[in-house]
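Here's the structure we're looking at; comments come further down.
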Amino acid sequence: MPAGRPSKYQPKYCDMVVEDMSRGMSLTAFAGLIGVDRSTIDTWREQFPEFHLACRKGQSVRTRYLEGGMLERDMPGPAVNARRFALANAAPEEWREKQSLEHSGPNGGPIQSDIAVTIRLVGAT
């Protein structure tokens with residue numbers, strides 16, 4: 001560990017981050033809960049393998065919480081939209097809204113384009 005101020009990291013944060021995220025909270029919200037900056041969380045993830053694993057588990061349980069809430073039939077529309085947005089950020093590999101456009105000509109061939117070029121010589125008579 002680098003010299004300087006001692007880390008505020010505590011092993012109990014592993015269980016705490018999983019518990020907090022199981023209620024839908026983000027890593028940034030967890031940082032606020034324990035009174036550190038989000039960048040500190042990222043540093044701890046690099047320095048402490050057990051904390052890194054806990055954060056990954058937390059992200060999984062957070063996704064489960066958010067998805068489970070979307071399945072509730074009594075949830076109002078704005079809440080569904082909020083959860084959908086949260087899921088697009090929490091689990092983008094499964095929830096991102098990605099549009100894929102393919103450009104091709106007839107029968108999947110190249111797009112044909114005709115370009116007309118007009119050249120005007122300045123000073124010519």
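The values are calculated or read from the model by the stated rules, or taken from the named source; none is laboratory data. Note that this is a predicted model, so its numbers are computed, not measured. When we count neighbours, we look across all protein chains shown, and the Cβ atoms used for this are built from the backbone with ideal geometry, even at glycine. Surface areas here come from the heavy atoms of the whole protein model, side chains and all, with no ligands, DNA or RNA. Shrake-Rupley method; radii C 1.70, N 1.55, O 1.52, S 1.80 Å.
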Report every pair of residues separated by at least 6 positions or lying on different chains whose Cβ atoms are under 8 Å apart, first residue within the stretch 78-93 and among the acidic types (Asp, Glu), second exposed (fewer than 13 other Cβ atoms within 10 Å of the Cβ). none
Every pair of residues 6+ apart whose Cβ atoms lie under 9 Å, when the first sits in the stretch 4-27 and is among the basic types (Lys, Arg) while the second is open to solvent by less than 50 Å² (accessible area, probe 1.4 Å) and assigned to a loop (DSSP other than H, G, I, E, B): Lys8/Val36
Please state which one of Arg45, Arg84, Arg56 is in contact with a His (Cβ under 8 Å, 6 or more places away or on another chain) and either in a helix (DSSP H, G or I) or open to solvent by less than 40 Å² (accessible area, probe 1.4 Å) (or both). Arg45
Test: Tyr9 is of a type outside the set (A, V, I, L, M, F, W, C), surrounded by 15 or more Cβ atoms within 10 Å (Cβ to Cβ) and not in a helix (DSSP H, G or I): yes
Pick from the stretch 53-77 the residues that are closer than 22 Å to Phe30 by Cα and among the small types (Gly, Ala, Ser): which of them is modelled with the lowest pLDDT? Gly69
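Could you list, in sequence order, the residues of the stretch 14-35 that are buried (at least 17 other Cβ atoms within 10 Å of the Cβ) and not acidic (Asp, Glu)?
Of everything in the stretch 14-35, those that are buried (at least 17 other Cβ atoms within 10 Å of the Cβ) and not acidic (Asp, Glu) turn out to be Cys14, Val17, Val18, Met21, Gly24, Met25, Ser26, Leu27, Phe30, Ala31.
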